[in-house]
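As structure tokens, the structure follows; a few thoughts come after it.
Any read-out appearing in this document is the output of simple, stated calculations on the displayed coordinates, not a laboratory observation. It should be emphasised that the depicted structure is a prediction, and the values quoted were computed from it without experimental measurement. So basically every Cβ, Gly included, is an ideal-geometry build from the backbone, and we count neighbours across all protein chains shown.
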Amino acid sequence: MSAAGQVRVRRVYTVARRHPWVLGKLGDFKLWLGPYTPAQIVVAFFGALVLIKTVSWWSWLGPLPLAAWAAAVWVVRRPRIAGRAMAPAALGWLMFLTQPPGGRRSGRRAARCGIVHGGFVVEEAPASPSVPAVAAQPARRQTGHRSRQRVPGAPLSPLQQVLAAKGVRA
């Protein structure tokens, strides 16, 4: 067979496909009602711990607390909160609740914002001859980059000051 007529098949198996992140599954063997996700293992472990430590409180209820514990383990199998898995969503809420009150800026604690109290007084402006009156000039149509004319007596902008220092007329 020639090299041009051969069909090459290539398969890529990622680690996640070869070893899914579940517990209780080895080959064809599966635990009863398994496989279990890490969230289910956490709920099962801590639920069992709470039930064992508080047996004297709930023993008069019969099998109801055990059924609630089993239901809680089953409920956390594939929950989604806003499209995210439960563990990252819970971590996001935990990080949100532990943020400093002013937030963070560049990873550091930011200063807390506060209300500024103050006031001001509006008074009549004194009539002084130091402020020149700007006379209305007729508008002239100009072309080019020097179309803006400076009103005589008006202060120079920082750009105009730099250009004036260099000897360039703006």
Convex hull projection area averaged over all views, segment 49-116, Cα basis, nm²:
8.8
Place the peptides 83-90, 60-67, 120-127 in order of packing, highest mean first, counting for every residue the other Cβ atoms within 10 Å and averaging per peptide.
83-90, 60-67, 120-127
